[in-house]
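Structure below; questions to follow.
The values are calculated or read from the model by the stated rules, or taken from the named source; none is laboratory data. Model, not experiment: these values are computed from the prediction. Methodologically, a virtual Cβ is constructed for each residue, glycine included, from the backbone with ideal geometry; neighbour enumeration extends over all protein chains shown. In case anyone asks, the SASA skips ligands and DNA or RNA and just uses the protein heavy atoms, side chains included. Shrake-Rupley method; radii C 1.70, N 1.55, O 1.52, S 1.80 Å.
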Amino acid sequence: MDSTTPEALAGMRETASPATLPADTLKADILWHVLYSLGRDNERPDRQTVFRALALALRDRLVEKWIASQRAIYAKSSKRVYYLSLEFLPGPFLRQNLIALGLEKEARDALTELGFTLDDVAGEEWEPGLGNGGLGRLASCYLDSMAALRLPAYGYGIRYAFGIFHQLIRDGQQVERADNWLRGGQHWEFERTHYMHPVRFYGSVREWVDEQGRLRHTLEGGSTVMAMACDMFIPGYRNDYVLNMRLWAAKSSREFEFSFFNTGDYIGAVEKKIRDENISMVLYPNDEAPEGKELRLKQQFFLVSATMQDIVRRFRKKGVAWDQFPRKNVIHLNETHPAVAIPELMRLLVDEELLPWEEAWYICVRTFAYTNHTVLPEALEVWPEELFRKVLPRHLQIIYEINRRFLHDVRRQFPHDPGLLARVSLIHEGEQRFVRMSHLAIVGSFSVNGVSAHHSNIIKESIFNEFYKIFPERFNNKTNGITPRRWLRQCNPTLAWLITEHIGTEWLTDLEQLKKLEPYAESAGFQKAWMEVRLRNKQKLAEYIHAKNGITILPESLYDVHVKRFHEYKRQLLNILHVITLYNRIRRDPDAGIVPRTFIFGGKAAPGYYMAKHIIQLINAVGYTINTDPRVGDMLKVVFLQNYCVTLAERIMPATDLSEQISTAGMEASGTGNMKFALNGAITIGTHDGANIEMLEHVGDENLFLFGLLSHEVEDLRRQGYNPRTFYETDSELREVLDMISGGYFSPGDPHMFRDIVESLLNHGDRYMVLADFRSYAYRQQDAARAYLDQPGWARRSMLNTARMGFFSSDRSMGEYARDIWGVEGV
Ligand code: T68
């Protein structure tokens, strides 16, 4: 019988009981979905159709395990963790799900029989870019680890119709294009079209006194938008446990209000519908100063309100008293973006459940935990009071009441420091008033954590020092981590295989096992095998670069890679100044014996961030000059890869020799790219910042190139009056580089093009201390080049980096959160 006929397919599916779909039905399931779910001829389906059908076949398996996992959580009556984040960056799901389900080989075989390769089919997936960078990616690594640890957890976020913009480089400049990731449908999720919660904005608060003489608050008027649940599944690694990430999509409530149509205003009703559904239309790309954008505040409350309704619904099923709420639930705030959950829970408890304020507050501060991800003052979130009052009038009242009581307590605790009240107040008073979201999050949470040891200390000692004095017991550190399933096993299968061959598979769920590689670091045979794998990875990246950028690079050259969001504090500018320095040395003496290098850059700049975009343009201009200069040849190449995203990171990490982590000390909260590179055997050149410092402690200082000012030196220098010009005047190599940029060497058509970049360094204070760190960076780069010439030595360093990265697994991070903050255990 022809195996593609409907009868044959139906027969094959019948014999497979739903709870135990055996792997060998995968091909049949793909063909079944091609026909019945996608409505296509299954005799010769195209690649995209096969991808979609395979996704559906895997979703079938995931949903079964998800139901079983949910039942187990319910049966155990476990305390639940709710991880609220305005951003998730899951990356492509296909390979990750195949690995977790143990179906990689079966999928390969099934696809081969259908005339495809897994690589081709995986290439059809468009990743959901529902985050900006580190913060969103961290949330996704954490979901992976929560599933691996079988935690009773839920991720909650927004299903933006348009994720982070797609970046093109045109004439050397960043151009943004809409990221229409939902085109062609989404096959991993379930849209719960009948599962919606109302979310209410605007209106006014009516105060009244009820029959028992209680003062009551009721929101009147305003407008309601519906939140529709969309679930995506996150499987634990080969443990049959599946969590869900519930993303809310905005749906107009107007469809349900027939009155609107009855008045005859049909077009008006439709326009209103479109306006309502705008709420989940687009992810905000800003990672600098958040402006007071009304839609952004509405997004935050949209996530919070819908999620709180879900949490309360689940809690109510238990029929236990409200005072048990914190024993049964913990709500984790990923940054302050969802911090309006604090006044929302107060509103539910006080206005709707009629609990006394004190009791409600007692519940609140035992329920919330907050993670801070930044110390840059301009990135701390504040909302203009007027805007807040307009969008969320009742919540603003509640915030004022929280603040009144908080300040009352502070005054009692610190009676002799009157200025303190204004500094810790939830409201910034000035010409204009602002709600300070970080203060709200700290006051309303039982736990406040930073994301690396260094960052957590800075929080306690400087930005939140006064809160630390008020609530010392709330502050703690949880150093970030990354999931080894995606960031080694998936993205670097050949290296993963080499490791597994020598130490077994345990490292996949216990990354400290990588320590067992250390004895091999001295073995010439292993070194050779290690470097061969790395060289193959580098060859593949060279092919990709050739195809995308038309630039030929030497796989044997030192791949020096700087990929992350563009921000002045991350100092891509410092890197390009050094590139130009090397270029000048080659121009002066083509036989200078410089180690051949390929500099690779990637990353997006916020569309409104002028300086960051300008630095992208400078890098591309320098790249053009160097790559086309015949004197340089293979000695130096500069590549800018457009549209850096999770998919691209997976290509780059395994092929990197030197990882650039060169933020101004004290400014990068942690970094997680640093960990991904090192796990794949890259060596870091970096500053004393974020998690670099802990990486140094683990890998040892002979295996990591540290340079530059320390955080306190940055501060001291700034206090003493930093004068960047002295570096310009005393360092002739640096001076030559800056003069070339401002003199139009890289922009002959427009000599003034990059003048303002040099201005920002020389005449506007060089806020990020690029010039102060230039010389020590250049020296350290020389050390790196020398080290690279000694290939066995480099192999040893590379292996030891991988072997000693066990601590940086997100399984370790999640284990610490579960034990120290959440008080939950695996199901
Ligand atoms: C990053 N923060 C930190 N923010 O910069 C990084 N911000 O050091 C850290 O490793 C990472 O968080 C994880 O802890 C961000 O990525 C944002 O993306 C962001 C988005 C919107 C508004 C503000």
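Could you tell me how many of the residues in region 505-521 are closer than 24 Å to Tyr142 by Cα and surrounded by fewer than 15 Cβ atoms within 10 Å (Cβ to Cβ)?
Filtering region 505-521 down to residues closer than 24 Å to Tyr142 by Cα leaves 505-515.
Those left that are additionally surrounded by fewer than 15 Cβ atoms within 10 Å (Cβ to Cβ): 505-506, 510, 515.
Number of matching residues: 4.
Let me ask something else about it. Would you check which residues across region 368-409 are within 16 Å of the ligand (Cβ to nearest atom) and of a type in the set (A, V, I, L, M) and list them?
Filtering region 368-409 down to residues within 16 Å of the ligand (Cβ to nearest atom) leaves 369-383.
Across region 368-409, the qualifying residues are Ala369, Val375, Leu376, Ala379, Leu380, Val382.
Select from region 656-690 the residues that are of a type in the set (A, V, I, L, M, F, W, C), within 12 Å of the ligand (Cβ to nearest atom) and under 17 Å from Trp487 (Cα atoms) and list them in ascending order.
First pass over region 656-690, keeping only residues of a type in the set (A, V, I, L, M, F, W, C): 658, 662, 665, 667, 669, 675, 677-679, 682-683, 685.
Among the residues that remain, those that are also within 12 Å of the ligand (Cβ to nearest atom) are: 667, 669, 675.
Once the filter is applied, which keeps residues that are of a type in the set (A, V, I, L, M, F, W, C), within 12 Å of the ligand (Cβ to nearest atom) and under 17 Å from Trp487 (Cα atoms), region 656-690 yields only Met675.
Ser438 is checked against (1) within 16 Å of the ligand (Cβ to nearest atom); (2) not in a helix (DSSP H, G or I) and fails just one. What number does that condition carry?
So Ser438 meets the others, but not (2).
In this structure, is Glu660 open to solvent by less than 10 Å² (accessible area, probe 1.4 Å) and either free of Cβ contacts under 8 Å to residues at least 24 places away in the same chain or among the acidic types (Asp, Glu) (or both)?
Values: open to solvent by less than 10 Å² (accessible area, probe 1.4 Å): yes; either free of Cβ contacts under 8 Å to residues at least 24 places away in the same chain or among the acidic types (Asp, Glu) (or both): yes.
Yes: the conditions hold for Glu660.
In addition: Just wondering, is there one or more residues in region 567-575 that are assigned to a loop (DSSP other than H, G, I, E, B) and closer than 27 Å to Glu176 by Cα? Steps first, answer last, please.
First, the residues of region 567-575 that are assigned to a loop (DSSP other than H, G, I, E, B): 567, 571.
Checking which are closer than 27 Å to Glu176 by Cα leaves us with 567, 571.
Yes, region 567-575 contains a residue that is assigned to a loop (DSSP other than H, G, I, E, B) and closer than 27 Å to Glu176 by Cα.
So Gly608 passes all but one of these: (1) of a type outside the set (A, V, I, L, M, F, W, C); (2) assigned to a loop (DSSP other than H, G, I, E, B); (3) within 16 Å of the ligand (Cβ to nearest atom); (4) within 28 Å of Arg797 (Cβ to Cβ). Which condition number does it fail?
Unmet for Gly608, out of (1) of a type outside the set (A, V, I, L, M, F, W, C); (2) assigned to a loop (DSSP other than H, G, I, E, B); (3) within 16 Å of the ligand (Cβ to nearest atom); (4) within 28 Å of Arg797 (Cβ to Cβ): (4).
I need a count of the residues in region 722-749 that are over 22 Å from Ile586 (Cα atoms), open to solvent by less than 70 Å² (accessible area, probe 1.4 Å) and over 37 Å from the mean Cα position of the chain (by Cα).
Within region 722-749, residues that are over 22 Å from Ile586 (Cα atoms), open to solvent by less than 70 Å² (accessible area, probe 1.4 Å) and over 37 Å from the mean Cα position of the chain (by Cα) number 1.
If I go through region 459-471 residue by residue, how many of them are within 11 Å of Val375 (Cβ to Cβ) and crowded, with 21+ Cβ neighbours inside 10 Å?
Matching residues across region 459-471 total 2.
Does region 756-777 hold any residues that are closer than 29 Å to Leu704 by Cβ and open to solvent by 50 Å² or more (accessible area, probe 1.4 Å), and which are they?
Listed by number, the residues that qualify are Arg767, Arg775.
Exactly one of these conditions fails for Lys298: (1) open to solvent by 20 Å² or more (accessible area, probe 1.4 Å); (2) modelled with pLDDT of 95 or more; (3) away from the ligand (no atom under 16 Å from the Cβ); (4) not in a loop (DSSP other than H, G, I, E, B). Give me its number.
(3)
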